[in-house]
Amino acid sequence: MPKRNVTRFAVIGDMGVDPEAEPTINSLTDMVRKEAIDVVIHAGDIAYADGYQVRWDQYFRRVQPMLANIPYMVTPGNHEIMYINSIGVFGYDRRFSMPSVESGSPSPMYYSWNYGAVHFIALNSESNSNVAYMPPQQVTWLVNDLKKVNRQSQPWVVLYLHRPLYCSNDDVDNCHTQAKVLRKALEDILLQYNVNLVITAHKHGYERTTPIYNDLVQPEGKAPVYIVNGAGGNREGTAAFPAILPAWAVTQKQAWGYAVIEASLDEFVWTFSTSSDNEVVDKFVWTK
């Protein structure tokens with residue numbers, strides 16, 4: 001990793017190899033060329049291959065100028081998992097090697113890693129039946145991992161998985177039924193161990209919450225902030241937001257885009273930019 005105090009991470013979700021993804025891919029490739037980011041994090045739905053191996057190949061050829069030069073940290077989404085009953089998750093499990101063994105994970109589908117001042121945790125929210133699932137084994141590993149975090153050297157803890165725990169869309173299945181499954185399994189743990197940020201995707205747009213616990217707004221620093229960033233670009237299009245939003249919904253953008261984290265021991269900066277013009281449309285800063 002670079003020898004400097006601030007490390008920079010690009011964060012995307014739901015990015016395929018479709019015309020809609022071209023602005024995001026171009027923006028990320030340009031940032032890599034300029035050495036403006038150190039790592040790319042992709043929170044599921046990679047390539048939109050849906051079990052079609054040729055599409056995996058097309059995706060990797062397209063993003064090769066970016067991914068040949070910096071780490072690419074991923075977690076599975078439903079477009080990696082939904083065909084598991086017929087052909088398995090080939091394409092995800094055979095093409096990616098994440099640090100599961102190094103982080104004591106019993107499964108290659110979830111893991112953790114440190115980079116600079118951030119401890120990252122990647123979880124698998126998927127199931128064979130294409131609904132949210134958080135098995136006890138994964139939860140047990142998560143707790144053990146969080147207990148080991150050194151908050152002196154990694155003051156920021158960021159968790160990423162594909163499906164949202166909170167989203168404001170009037171999508172009864174994903175933003176209510178499925179989200180509650182994940183909240184029931186994870187929310188108390190995330191609060192107890194002071195996880196700062198939870199990054200998800202799945203819904204095709206961008207939104208950020210206040211600090212929130214049990215569906216209620218919390219004071220700054222007293223609960224995680226949740227972000228939905230499924231805005232990388234794909235053939236399914238963007239999702240609109242309802243006219244009436246919950247009190248915890250801070251920012252919503254119906255646009256394709258990408259986020260950037262800049263982190264040091266003293267400061268954590270999050271920005272979200274639209275891919276079409278690289279304009280920053282959301283930003284927050286935490287300081288120690």
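A few remarks follow.
- Unique match (being touching a Ser or Thr at 6+ places or on another chain (Cβ under 9 Å), of a type in the set (A, V, I, L, M, F, W, C) and surrounded by 15 or more Cβ atoms within 10 Å (Cβ to Cβ)) among MET109, MET73: MET109
- The single condition among (1) outside any loop (DSSP other than H, G, I, E, B); (2) within 13 Å of the chain's Cα centre (by Cα) that LEU186 does not satisfy is (2).
- Residue within segment 13-32 that is crowded, with 20+ Cβ neighbours inside 10 Å, under 18 Å from the mean Cα position of the chain (by Cα), hydrophobic (A, V, I, L, M, F, W, C) and part of a strand (DSSP E or B) present: yes
- Which listed residue, of VAL157, VAL172, VAL118, VAL139, is closer than 19 Å to TYR226 by Cβ, free of Cβ contacts under 8 Å to residues at least 12 places away in the same chain and either β-branched (Val, Ile, Thr) or in contact with a helix residue (DSSP H, G or I) (Cβ under 7 Å, 6 or more places away or on another chain) (or both): VAL172
- GLY257 being under 26 Å from ASN196 (Cβ atoms), in contact (Cβ under 8 Å) with a residue 12 or more places away in the chain and not polar (S, T, N, Q): yes
- Residue count, segment 251-278 (criterion: of a type outside the set (Ser, Thr, Tyr) and under 24 Å from PRO155 (Cα atoms)): 12
- Among residues of segment 222-244 being touching a strand residue (DSSP E or B) at 6+ places or on another chain (Cβ under 7 Å) and over 23 Å from ILE37 (Cα atoms), the one that is surrounded by the most Cβ atoms within 10 Å (Cβ to Cβ) is PRO224.
Here, each number is a calculation from the coordinates, and none is a lab measurement. Because the structure is a prediction, the values reported are computed rather than measured. Here Cβ is always computed from backbone atoms with ideal geometry, including for glycine, and neighbour counts include all displayed protein chains.
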